[in-house]
Amino acid sequence: MLSIVPALEWLEALAWTTAIRESAWGYPIIETAHVASIVAFAGLVIMMDLRLVGLAFTHAPLMQIQRGLFPWQMAALVPSTATGVLLCVADPLRYYGNVFFRVKLVLLALAGVNALVFHLMAYRTDGRWDEHPQVVAGAWRAGAVSLVLWSAIIVSGRLIAFSWFF
Amino acid sequence: MKTRIVFAVLAAVVLCAGQPALAHHPFAAEYDVNKPVTLTGTLDRMEWVNPHGWIYMDVEQPDGTVKRWTIEAAGPGQMNRRGLKRADTVDGMSLVIKGYQHRRDPAQANGRTLVLSDGRNFYIGAVGGPNDGADR
């Protein structure tokens, strides 16, 4: 069977990934930036989710909140993703074998699909959000799913540090 | 308002200052404080990697067989600040490590102190651990 392991071994042996893995300062700085940008990103996502489920900012039209938050969400997504990729490639075999890392990747994919579906739906039906019952139900679901997924992503990310189940 | 923010930040700084550095994972989740080990043997190799390093050493057992231990150490940055440099650990050198055995893996331990063959000793603890004086 075709395995990804040789590719990961190649990645691990590269000079620059080794340099991150063995660095005195590089790794802690990347790790700190990863956590800090996740905090920013998750906070911005949760603000939108709370509006979607109707727990916050209910006085404002949904699309107004969406348009205000989206650029900031993207601004936080870029560094959190970039630093996450750097941490992965610095020690690819360890992450590959880590069950919580795999769980996190699956949850990230699900959150991505959820966000994409919501995004396309939101902009296509722009203007009908706040009165159309079906659309409102879809928005509630998207917000609820996002809240659950992002909480689980953060928890599984933290658990990567624990070598349970090897 | 401004003063209130300044006070909040100061309070946070003061509260954090008393805490030990945030550990990668808590000691007790992986290691057993009731199983201290003292390992005397030779260094197979040391991985100077993040988030914490790994020491592989061979320890001769009472029956003459050799057991390969895996010892969790601190990361490269912490080790450097404690005075241990990469050049200090040479494959094949003899060393003594004190630590605590892993809860599930009988050939793994959390390293607390490392004594090199030249007599220098270092605190190599990475993830908190018991108040056993190893860090002084």
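Check the stretch A:9-17 and report whether any residue there is assigned to a loop (DSSP other than H, G, I, E, B), farther than 16 Å from A:SER146 by Cβ and modelled with pLDDT of 95 or more. Walk me through how you get there before you give the answer.
First pass over the stretch A:9-17, keeping only residues assigned to a loop (DSSP other than H, G, I, E, B): A:14.
Remaining after also requiring farther than 16 Å from A:SER146 by Cβ: A:14.
Cutting the leftovers down to modelled with pLDDT of 95 or more gives us A:14.
Among the residues of the stretch A:9-17, at least one is assigned to a loop (DSSP other than H, G, I, E, B), farther than 16 Å from A:SER146 by Cβ and modelled with pLDDT of 95 or more, which makes the answer yes.
Say we look at the stretch B:88-136 and pick out the residues that are loosely packed, with under 13 Cβ neighbours inside 10 Å and of a type in the set (D, E, K, R); which of these is modelled with the lowest pLDDT?
Per the stated criteria, the residue is B:ARG136.
Does any residue of the stretch A:24-33 turn out to be polar (S, T, N, Q), under 21 Å from A:TYR95 (Cβ atoms) and buried (at least 18 other Cβ atoms within 10 Å of the Cβ)?
No: zero hits.
Being more than 12 Å from B:GLY77 (Cβ to Cβ) and among the hydroxyl-bearing types (Ser, Thr, Tyr) is the filter; apply it to the stretch A:1-31 and report the residue that is farthest from the other protein chains (Cβ to nearest Cβ).
A:SER3
Restricting to the stretch B:53-68, give me the number of residues that are within 15 Å of B:THR113 (Cα to Cα) and open to solvent by less than 40 Å² (accessible area, probe 1.4 Å).
Total satisfying the criteria: 4.
Say we look at the stretch A:79-92 and pick out the residues that are in contact with a helix residue (DSSP H, G or I) (Cβ under 8 Å, 6 or more places away or on another chain) and away from chain B (no Cβ under 14 Å); which of these is farthest from A:TRP150 (Cα to Cα)?
By that ranking, first place goes to A:PRO79.
Output the number of residues of the stretch A:56-82 satisfying the condition of being aliphatic (A, V, I, L, M) and modelled with pLDDT of 95 or more.
7
What pairs come up if the first residue lies in the stretch B:107-123 and is basic (Lys, Arg), the second is open to solvent by 30 Å² or more (accessible area, probe 1.4 Å), and their beta carbons are under 6 Å apart, counting only those six or more places apart or on different chains?
Pairs that qualify, where the first residue is basic (Lys, Arg) and the partner is open to solvent by 30 Å² or more (accessible area, probe 1.4 Å), are B:ARG112/B:LYS98.
Scanning the stretch A:3-15 for residues that are open to solvent by 30 Å² or more (accessible area, probe 1.4 Å) and within 25 Å of the chain's Cα centre (by Cα), which turns out nearest to A:LEU108 (Cα to Cα)?
A:ILE4
I'd like the full set of residues that are part of a strand (DSSP E or B) and within 14 Å of chain A (Cβ to nearest Cβ), limited to the stretch B:24-45.
B:TYR31, B:ARG45
The values are calculated or read from the model by the stated rules, or taken from the named source; none is laboratory data. Model, not experiment: these values are computed from the prediction. Cβ atoms come from the backbone with ideal geometry, glycine included; neighbour counts cover every protein chain shown. Keep in mind that these areas ignore ligands, DNA and RNA; they rest on the heavy atoms of the full protein, side chains included. Shrake-Rupley method; radii C 1.70, N 1.55, O 1.52, S 1.80 Å.
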